[in-house]
Every structure is written in structure tokens, then in C-alpha cells.
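Following: one structure in C-alpha cells, then a few remarks.
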Amino acid sequence: MKHTPLARLVRVVALGTALLAGTTFASAARCATPAELLAGYAEQSGAPADPDRGRQLFTTRHGREWSCASCHGALPTQSGRHASTGKPIRALAPAFDPQRFTDAAKTEKWFRRNCNDVVGRECTAGEKADVLSWLLTLAR
């Protein structure tokens, strides 16, 4: 697993929280909120997140076979289906699935996999911030 500065920061904050709260590091290291993840990505990128850029990144093909919307839908407020396997995918917008973006390690894993599929590389912290900021604008 690649150790990004954000992942290290999340672990350090989680460890401090765990020690103060008396919980185990293993369970605390994964806990996050979408807003906390967004703040971390924006801080890491050195620029504020832009929801419009996030929407564009999500819905546009980038010289590859798929866009994010190919599997998650142009408006990811409902379940989608993997474009190749047909496997169901839960709604991505946190307002429609409260478990989304609450586990920093899982978030990083899926950004890494999906960005490689969609843009052919890992997404930058700024791109992650942009996409997450757009997803957070999608409310019930």
C-alpha cells in the first residue's frame, strides 16, 4: 500500500484520538467523515476543491474506455453497475449512502483503482478533492 501524506496524517490523527478515547488504533485509523477526507485532500493539494471540476472529471472520458459515470451513473445518487462485470455498485454520493467516504483506507484503495481505470494513473489530491466536493453537493 502506498503511504501518501494524507494517509499518514489520518493515521497520526486517529492514533491521537484513539489514545485519548481509549479505543484501538486499528479501528480508529479507518474512521473518517467525507468532510475530513475532503479537507485533507484540499490541504494536500494546496488549493481549494472545485465541485465543477469534480463533476467534469467524473462525467468525462479521459482517453480511456470509461468515465467514472460509466459505472456510477452521471448523477451517482442511485446504484450503478460495473461496466464490464455488471456487478452492482451502491450509490456513491454520501447523502445517499452514509457509509461512503467514512474509511480513509478504503477511499484511497478505490480512488487508486478507479483512477487507473478512468485516467490511466492515480488521481492527484486536487482531483480527489474536486470529485469529493462535487459528490458532497448532491443532497437528498
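Just so it is clear, none of the values below were taken in a lab; they were calculated from the coordinates. Just so it is clear, the structure is predicted and the values come from calculations on it, not from any experiment. Ideal geometry is used to build each Cβ from the backbone, glycine not excepted, and the neighbour counts take in all protein chains shown.
Numerical summary
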| read-out | value |
| --- | --- |
| Loop-located GluC sites (Glu not before Pro) in region 32-82 whose Cβ has at most 12 other Cβ within 10 Å (DSSP) | 65 |
| Spacing of the two label points (7 Å from each Cα toward its C-beta) at residue 83 and residue 103, in nm | 2.5 nm |
| Order by protection proxy (mean Cβ within 10 Å, highest first), peptides 52-62, 79-89 | 52-62, 79-89 |
| Translational D in µm²/s for region 64-114 (Stokes-Einstein at 37 °C, 0.692 mPa s, Kirkwood Rh from C-alpha pairs) | 288 µm²/s |
